[in-house]
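Take a look at the structure below.
The values are calculated or read from the model by the stated rules, or taken from the named source; none is laboratory data. As the structure is a computational prediction, the values presented were derived from the model and not from experiment. As a convention, Cβ positions derive from the backbone with ideal geometry for all residues, glycine included, and neighbour counts pool all protein chains shown.
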Amino acid sequence: MSLVTFRQDKTMDFVAVGRLCIDLNANEIHRPMEETMTFTKYVGGSPANICIGMSRLGLQCGFIGKVSDDQMGRFIVQYLDKEGIDTGNVVIDSTGAVTGLAFTEIKSPSDCSILMYRDNVADLKLTAHEVQEELIAKTKIVLISGTALAQSPSREAVIQAVHYAKKHGAVVAFDLDYRPYSWASAEETAIYYNLAAEKSDIIIGTREEFNAMEMFENNPDHSDKVTASKWFDYSARIVIIKHGKEGSIAYGKDGSSNRAKSFPSKVLKTFGAGDSYASAFLYGLLQGWTVEKSMEFGSASASIVISRHSCSDAMPTAAEVAEYIEQCNQNEIKAN
Ligand SMILES: Nc1ncnc2c1ncn2[C@@H]1O[C@H](COP(=O)(O)OP(=O)(O)O)[C@@H](O)[C@H]1O
Ligand SMILES: O=C(O)C[C@@H](O)[C@H](O)C(=O)COP(=O)(O)O
């Protein structure tokens, strides 16, 4: 009996709600951004990366978001269209808002950071009225992303999307996606993350992101089991805590737990790991795989994406991920 079941009468697999932004990834790597002269432009934004990842894996996907009425907004929509993602609910801002920029700094494979310019961004201006119920009504999973809860009216748009998801039997996946610079205070973060998590069937986050949610909780040791157990009293069926290179652990409402190791990787940069992991994990669940196999698929996808320069554009196909797993298994057999 699987922990999560999906309505098979739906014609779409996955819809993400949240930010669409631009990644400007440094071309000159292994140096601080003060010395970087050129960047490569990619579509970015954690929910956008996850959606592109799901589409690359062969799923029918849509996006609910807002972009700026300029070249950057048009670049984003054209890219999503080319990837086969339904952009019918990507709204063009009319207030002069801009596209969020994420400048990335790759000082070393383990020392990467992101400088985000997010003043007056279009993605946080999505309103509840702009969320199309008919799009959510036809999808199996709705992904919400934590940063979209940071400001109104985006905050209310996410809550409305969750309401539609519950009404139409869509699974709600919550990727915590905590970006401190988008929030007014740590208290606001904790309050709104907890409200969203109460409605979510699948919750995915790093240990640090869950810590940010637990400001009013009693979990001084930051126990993953304590973190997960709280959410099974609400809607959650699966709670995943990610631990970087150390891998990840998933807890199930049925009392199960599964640990997944990370895969070997020629790491170029570490960002993009979580988004690729989430897309491939959710893909696995949609195939009817076990949590364990889905975690393996997510972990392998992450190890591929962190070896490449971009996040969105680096998202692998299902065949690439399967081949990588096979190759790593063969290498392990040879090594033993
Ligand atoms: N250095 C690494 N080498 C191999 N896999 C990694 C590495 N860092 C992360 N991963 C994989 O990506 C997953 C998510 O990474 P993590 O850093 O925990 O999330 P996020 O990118 O959201 O911060 C990990 O559970 C692991 O499977
Ligand atoms: O989420 C953002 O706004 C930044 C992303 O565009 C960027 O690609 C990134 O940091 C993704 O890393 P992850 O969310 O840690 O997987």
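Scanning segment 204-222 for residues that are under 20 Å from the mean Cα position of the chain (by Cα), aliphatic (A, V, I, L, M) and not in a helix (DSSP H, G or I) gives a single hit, ILE204. Within segment 243-258, being of a type outside the set (S, T, N, Q) and near ligand 1 (Cβ under 10 Å from one of its atoms) holds for HIS243, GLY244, LYS245, GLU246, GLY247, ILE249. Filter segment 15-56 down to the residues that are of a type in the set (Lys, Arg) and not in a loop (DSSP other than H, G, I, E, B), then identify the one that is nearest to SER310 (Cα to Cα). Looking at the filtered set, the residue picked out is LYS41.
Contact annotation: residue pairs with Cβ atoms under 8 Å, 6 or more positions apart or on different chains, pairing a residue in segment 5-30 that is closer than 14 Å to ALA165 by Cα with a partner that is basic (Lys, Arg), are PHE6/LYS140; ARG7/LYS140; LYS10/LYS138; LYS10/LYS140; MET12/LYS138; MET12/LYS140; ASP13/LYS140; PHE14/LYS140.
Within 13 Å of ligand 2 (Cβ to nearest atom) and among the aliphatic types (A, V, I, L, M), is that true of ALA302? Yes: the conditions hold for ALA302. Among the conditions (1) within 12 Å of ligand 1 (Cβ to nearest atom); (2) under 20 Å from PRO47 (Cβ atoms); (3) part of a loop (DSSP other than H, G, I, E, B), MET315 misses just one, which is (1). Within segment 268-281, residues that are within 14 Å of SER110 (Cβ to Cβ) and of a type in the set (Ser, Thr, Tyr) have Cβ atoms under 9 Å from residues that are near ligand 1 (Cβ under 9 Å from one of its atoms) and modelled with pLDDT of 95 or more in these pairs: THR270/GLY244; THR270/LYS245; THR270/ILE306, counting only partners at least 6 apart in sequence or on another chain. If you take the residues in segment 230-260 that are among the charged types (D, E, K, R), within 18 Å of SER200 (Cβ to Cβ) and out of contact with any strand residue (DSSP E or B) (no Cβ under 9 Å at 6 or more places or on another chain), which one is surrounded by the fewest Cβ atoms within 10 Å (Cβ to Cβ)? Among those that are among the charged types (D, E, K, R), within 18 Å of SER200 (Cβ to Cβ) and out of contact with any strand residue (DSSP E or B) (no Cβ under 9 Å at 6 or more places or on another chain), it is ASP233.
Would a scan of segment 57-70 turn up a residue that is over 29 Å from ALA300 (Cβ atoms), of a type in the set (Ser, Thr, Tyr) and at pLDDT 95 or above? So far as segment 57-70 goes, yes, one or more of its residues are over 29 Å from ALA300 (Cβ atoms), of a type in the set (Ser, Thr, Tyr) and at pLDDT 95 or above.
Assess whether GLY298 counts as being assigned to a helix (DSSP H, G or I), surrounded by fewer than 24 Cβ atoms within 10 Å (Cβ to Cβ) and either among the acidic types (Asp, Glu) or within 20 Å of the chain's Cα centre (by Cα) (or both). Against the criterion (assigned to a helix (DSSP H, G or I), surrounded by fewer than 24 Cβ atoms within 10 Å (Cβ to Cβ) and either among the acidic types (Asp, Glu) or within 20 Å of the chain's Cα centre (by Cα) (or both)), GLY298 does not qualify.
Scanning segment 54-75 for residues that are farther than 19 Å from ASN89 by Cβ and surrounded by 22 or more Cβ atoms within 10 Å (Cβ to Cβ) yields ARG56, LEU57.
If you take the residues in segment 223-242 that are of a type in the set (Ser, Thr, Tyr) and within 28 Å of SER303 (Cα to Cα), which one is farthest from ligand 1 (Cβ to nearest atom)? Applying the filter and picking the extreme gives SER223. For the residues SER55, SER68, SER2, the requirement of being of a type in the set (Ser, Thr, Tyr) and closer than 20 Å to VAL158 by Cβ singles out SER68.
Considered as a group, the residues in segment 204-229 that are surrounded by 18 or more Cβ atoms within 10 Å (Cβ to Cβ) and small (Gly, Ala, Ser) include one that is nearest to ligand 2 (Cβ to nearest atom), and that residue is GLY205.
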